[in-house]
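Student: Take a look at this one; I'll ask things after.
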Amino acid sequence: MAETRTALVTGSAGFIGSFLCQRLLDDGFAVVGVDNMSDYYDPELKRRRQARLLKVEGFRAVNEPIETPGLLADLMHDCEPEIVIHLAAQAGVRYSIENPRTYVESNLLGTFELLEAARAHPPQHMLLASTSSAYGANTDMPYRETMKADHQMSFYAATKKANEAMAHSYAHLFDLPVTMFRFFTVYGPWGRPDMALFKFVRAMLQGEAIDVYNHGRMMRDFTYVEDLVEAIRRLVDVPPVRPCDGEAIAEHDSLSPVAPWRIVNIGNSAPVQLMDMIEAVEAALGMTAEKNFMEMQAGDVPATWADTGLLESLTGYVPRTDIRDGVRSFVEWYRDYYKI
């Protein structure tokens, strides 16, 4: 029988983290999940996600902020995880305008604590969440990992781009294998209440108008949460390797020339117009939304589109869930969760 591997997952009670922990447990991992259970959105949703995980043998929950000095170092010393997956972060483009300090504490200091812990107790592979927002002002699409990305449009995006640079320095200095993945608009059951799909469904079921920014002229590469988790799970077993001196790196590969570090997009590689997404919500709910057309919000971008060629070449997998199917699954969960 194969020896059980241990994974440490930060942000384990979050939307993506809870799905990922469940997948790792299903695959036979022991999982140590760290989450501060913040009140950025309804903590009850996080508690219920975590309660589902606690029913599974092999899951351990640690409800503390990752920026707590020494917390992650002590955990990694005690549990010796082979795999570390870092999802914990203060999310949200607009909230970063109102409360930037929380992004410094969680995204910068928290990631620093993780990197220091890995320096002292090196895992076999570290996978750190970044964001499609890192591409910022780029208009050349689809977004490729090898593109220059220096003009972030929000402080949230800036902190995630900083995480990429921080992790690269540790990968280079301490030979830590690091994969950074850039998510593209993840949605699905158990999703975050601050995201558009959740807001649309909630408003429509309450008979309220929905806010449609940039007058609907927006496009997103919507990625279903289970597709995202499948991609992450496959990337777990593909740690980057530091190139030998003079070794050629494939043109499409974001592998660093000086470190075991790369960036990988995870998206559906099929951008959807915002109005088409709204039509999918209307179809799933069986009602027409009253629409409040508004200007673009500060810090937002009009479009995202992932080139997933690198993900496919590394793992043989590309997300493919159709927006109508994914929205339908979310609506079914929402009705069940809120007993509507």
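Student: Working with all protein chains in place, sort Cys21, Cys79, Cys244 by solvent-accessible area computed with a 1.4 Å probe, largest first.
Tutor: Ranking Cys21, Cys79, Cys244 by accessible area, largest first, yields Cys244, Cys79, Cys21.
Student: Can you give the angle from 0 to 90° between the axis of helix 274-285 and the longest principal axis of the chain, with both taken from C-alpha atoms, to the nearest 10?
Tutor: Taking the Cα atoms of the chain, the angle to 274-285 is about 70 degrees.
Student: Got a sec? Which residues in segment 195-218 would a label at Trp333 touch, if it sits 7 Å along Cα→Cβ and we count backbone N under 17 Å?
Tutor: Output list for this probe position: 195-203.
Student: Let me ask another. May I ask you to derive the FRET efficiency for Glu105 and Asp194 from their Cβ-Cβ distance with R0 = 22 Å, giving the value to the nearest 0.05?
Tutor: 0.75
Student: Among the trypsin sites (Lys or Arg not before Pro) within segment 35-70, which fall in a DSSP loop and have no more than 15 other Cβ atoms within 10 Å of their own Cβ?
Tutor: Lys55
Student: Could you work out [θ]222 nm for the chain from helices alone, using -39500 (n - 2.57) per DSSP H run of at least four and dividing by all its residues? Round to the nearest 500 deg cm²/dmol.
Tutor: -11500 deg cm²/dmol
Student: Please tell me the relative contact order of the chain in percent, rounded to the nearest whole number, where contacts are Cα pairs under 8 Å and at least six residues apart.
Tutor: 18 percent
Student: Follow-up question, since we're still on this one. Given the peptides 3-12, 167-176, arrange them by the average over their residues of other C-beta atoms within 10 Å, most packed first.
Tutor: Result, highest mean first: 3-12, 167-176.
Student: Just flag the trypsin sites (Lys or Arg not before Pro) in segment 240-322 sitting in loop per DSSP whose Cβ has no more than 14 other Cβ atoms within 10 Å.
Tutor: Sparse-neighbourhood loop trypsin sites (Lys or Arg not before Pro): Arg320.
Student: So what is the relative contact order of segment 212-280, in percent, for Cα pairs below 8 Å that sit 6 or more residues apart?
Tutor: Result for segment 212-280 is 48 percent.
Student: Related question: For Val186, enumerate residues with amide H under 5 Å from its amide H, sequence gap 5+ or separate chain, H modeled in the peptide plane.
Tutor: The list, which skips near neighbours in sequence, is Thr223.
Student: Report, to the nearest 10°, how far helix 196-205 tilts away from the longest principal axis of the Cα atoms in the chain, using its own Cα long axis and a range of 0 to 90°.
Tutor: Value to nearest ten degrees: 30.
Student: Let a ≥ b ≥ c be the square roots of the eigenvalues of the Cα gyration tensor of segment 52-92; is it rounded (a/c under 1.5), or, if not, prolate (a/b larger than b/c) or oblate?
Tutor: Verdict is oblate for segment 52-92.
Student: Cα centroids of segment 58-130 and segment 1-39: how far apart, whole angstrom?
Tutor: Answer, in whole Å: 13.
Student: For the chain, please report how many Lys pairs fall under 23 Å Cα to Cα, leaving out neighbours fewer than 8 apart on the same chain.
Tutor: Eligible lysine pairs with Cα atoms under 23 Å apart amount to 9.
Student: Which order do you get for Asp245, Asp300, Asp42 if you rank them by accessible area with a 1.4 Å probe, largest at the top?
Tutor: Highest to lowest solvent-accessible surface, that is Asp245, Asp42, Asp300.
Student: Only Lys, Arg, Asp and Glu count, each charged at its Cβ (+1, +1, -1, -1), so figure out the dipole size of the chain about its Cα centre, rounded to 20 debye.
Tutor: 580 debye
Student: Given that just one value was derived from the coordinates, which of [x] 0.95; [y] 0.98; [z] 1.04 is Rg/Rh (Cα atoms, Kirkwood Rh)?
Tutor: Computed from the coordinates, Rg/Rh (Cα atoms, Kirkwood Rh) corresponds to [x].
Student: Let me ask something additional. May I ask you to compute the full-extension gain from Glu57 to Asp237, defined as 0.36 nm times their residue separation minus their alpha-carbon distance, rounded to one decimal in nm?
Tutor: 62.5 nm
Student: Return the carbon/sulfur percentage of the accessible area of segment 240-340, one whole number, probe 1.4 Å, all protein chains in place.
Tutor: Whole-percent figure for carbon plus sulfur exposure: 51.
Student: In nm, what is the difference between 0.36 nm times the number of residues separating Glu208 and Phe174 and their Cα-Cα distance?
Tutor: Stretched out fully, the Glu208 to Phe174 stretch lengthens by 6.9 nm.
Student: Please find the FRET efficiency linking Gln124 to Gln297, where r is the Cβ-Cβ separation and R0 is fixed at 41 Å, and quote it to the nearest 0.05.
Tutor: 0.50
The values are calculated or read from the model by the stated rules, or taken from the named source; none is laboratory data. Being a predicted model, the structure only gives us computed values, none of them experimental. No Cβ is skipped: glycine too gets one built from the backbone with ideal geometry, and neighbour counts run over all protein chains shown. Only protein heavy atoms, including side chains, enter the accessible area calculation; ligands, DNA and RNA are left aside. Shrake-Rupley method; radii C 1.70, N 1.55, O 1.52, S 1.80 Å.
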